[in-house]
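Below is one structure, written out as structure tokens, with a few remarks after it.
The values are calculated or read from the model by the stated rules, or taken from the named source; none is laboratory data. What you are looking at is a predicted structure, and each value in this text was computed from that prediction instead of being measured. Here Cβ is always computed from backbone atoms with ideal geometry, including for glycine, and neighbour counts include all displayed protein chains. Quick note on the areas: whole protein, heavy atoms, side chains included, nothing else; ligands and nucleic acids left out. Shrake-Rupley method; radii C 1.70, N 1.55, O 1.52, S 1.80 Å.
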Amino acid sequence: MFDLWGFLLQTLTASGVAVLLLIIKALFKDKLPPKWHFTVWGVLGIMILIPAGLNGRYTLFQWQLVVEVIKSWFGDYTFTRVLFPVPIITAIPKTILQWIFAGYTLGVVAHVIRYLVSYIQLRLALRNGSQPSDEVYNRIRQIAVAQNVKIGKAIEVPGLPSAFVCGIIRPVLVLPTDGDLDDKVILHELLHMKYRDALWSIVICLLRCIHWCNPFLVYCANQAINDMEARCDQHVLEQLEGEERRDYGRILLSMANDRFAKTPGSTCINNGGKNIRERIEAIARFKKYPAGMKLVSVCVIILLTLSLVVGVQASTIYDWSSNTIWLPLASARSTS
């Protein structure tokens, strides 16, 4: 993206895909497991990273035409091309639109710095950690062996609201020192470690930074984090019965806290207090899904990905009965 129009085309295309995914997710809300609901966000991630309008193809809707029409209002008749999915400034801004694009680019940099500082603060806080007792470590090891999870370092840090995993290459299981540590919490975080969710949190964070001024895509990024948590919740609940499931919900309520929420390179069982309600409701309607649904989940995701990536060849949709000049010009450029 070299200008404001490239960003507009990219973010509109991604928003259209996000709307489709939200509709499909709503249709399959209680029919497919949380693991599918998280994985399907990968389709949006792919579409965000693919330059919009690549090889003259569009996804769902011909946003190229919309962008060209808006450009015509500003007297700009150049053709919009997106070669990279990230903003790049190639010259010193001179016009108002160029300065707006520069402001957007600075916003991307500012958000990246903000999340980087948050991660550094978290790592500094972990320096106060200490090795857990042999009893706690044995509990962790037993749960890890049962779940086929390879554990590395585990530390206890005072003042934390909940346990979480931090790091990608050598993930660390971080445990709070206050209160009794429940095995269900340990299991939840070990599942994050198993699925490498610390890495996915960074990917989601970067996509959130690139589209920071599009509140709809920021909302989708937050929903992806919620679905990531729900996937681990589902796995934990499948191993619990009756009162233990209700007790798991009470644990989530007790850990409601926004500290370190959305910090890239880490996970948090509460993901911020505002999202606890949705997870409690998911626990209330918990059910086990048949094994055959895995095949259905994979087929739906493959079908979505292929159809969206291939797209549709751009075509002229201008009605020549109109006397307005900017529409035929925009239509011609969108199909060139």
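Descriptive notes on the structure:
- Residue that is within 30 Å of residue 174 (Cα to Cα), open to solvent by 40 Å² or more (accessible area, probe 1.4 Å) and not basic (Lys, Arg), where the choices are 124, 106, 49: 124
Yes/no per residue for (1) more than 30 Å from residue 198 (Cα to Cα); (2) touching a residue at least 12 places away in the same chain (Cβ under 8 Å); (3) part of a loop (DSSP other than H, G, I, E, B):
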residue: 67; (1), (2), (3): yes, yes, no
residue: 87; (1), (2), (3): no, yes, yes
residue: 104; (1), (2), (3): no, yes, no
residue: 110; (1), (2), (3): no, no, no
residue: 113; (1), (2), (3): no, no, no
residue: 120; (1), (2), (3): no, no, no
residue: 124; (1), (2), (3): no, no, no
residue: 135; (1), (2), (3): no, no, no
residue: 138; (1), (2), (3): no, no, no
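- Boolean, residue 187 is more than 22 Å from residue 117 (Cα to Cα), at pLDDT 85 or above and more than 20 Å from the chain's Cα centre (by Cα): yes
- Residue check, residue 194 of a type in the set (Lys, Arg), modelled with pLDDT of 85 or more and open to solvent by 40 Å² or more (accessible area, probe 1.4 Å): yes
- So residue 262, is it in a loop (DSSP other than H, G, I, E, B) and modelled with pLDDT under 70: yes
- Residue within region 63-80 that is surrounded by 15 or more Cβ atoms within 10 Å (Cβ to Cβ), touching a Gly at 6+ places or on another chain (Cβ under 9 Å), modelled with pLDDT under 85 and farther than 13 Å from residue 13 by Cα present: yes
- Counting the residues of region 22-57 that are touching a residue at least 24 places away in the same chain (Cβ under 8 Å), under 26 Å from residue 299 (Cβ atoms) and assigned to a helix (DSSP H, G or I) gives 18.
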